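Notes to accompany the following structure.
FYI, it's all coordinate maths here, none of it is from the lab. If you're wondering where the values come from, they're calculated on a predicted model, not measured in any experiment. Quick reminder, even Gly has a Cβ in these numbers, built from the backbone with ideal geometry, and neighbours come from all protein chains shown.
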Amino acid sequence: MTTPPTDPIQPWWTKPGGAPPPGAPAPRAPYPPPPQRPPPPPQPDPHRYRLPPQPPASHRAPNQTSGPNMVLLGGIAGAVVLLIVAGVSIWAWKFRDSTVIDVAQAEAGVREILSDPINGYGSNTISAMRCNGGKNPAAAKGDSFTCEVEIDGAVRHVTVVFQDDKGTFAVDGPR
């Protein structure tokens, strides 16, 4: 048989490693280890070269990258850039690449449109025509020139308007 335990019956909360039985002193937690002292700072090597001390900031030379001189230089640089941009813009506008149409070809195209009975105006008797005063017109979208056309013995004016920069044009009716 088994022998009964010699300990009095203890409640479940007083198991080994658990809480102490009522009335017993509480176990003490161990103290933390004492703090260690930091190591002493390293001593400078007396044989090593050291830089001489620098003078305070008020004794230094003035900074040459700011002040009125830089503002003046910035203004001059801005003005030069502005002049360059303006010059290139004026040059591009003045000498823009435009297609020049031969006046003889323009007159032939206007004559064909005026005499075409299906897609044009159906004028049958065109005896004389002179467009743009005999000068070759420059083709730029929206630009126009006029042609003087003699139709059935009467002089009429026809306006020709360029539709694009490549030379495509539209012919208005004779007036």
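Taking the Cα centre of the range 99-171 as the origin, how large is its charge dipole in debye, to the nearest 20, when only Lys and Arg (+1) and Asp and Glu (-1) carry charge on their Cβ atoms?
Once rounded to the nearest 20, the dipole reads 100 debye.
What number comes out for the charge environment of GLY134, summing +1 per Lys or Arg and -1 per Asp or Glu over other residues with Cβ under 13 Å away?
Every neighbour counted, the sum reads -1.
Using amide H atoms built 1.01 Å from N in the peptide plane, name the residues 5+ places from ASP143, or on other chains, whose amide H lies under 5 Å from its own.
PHE162
Per the Kirkwood definition applied to all pairs of different Cα atoms, how many angstroms is the hydrodynamic radius of the range 99-171?
The Cα-based Kirkwood calculation yields 12.3 Å.
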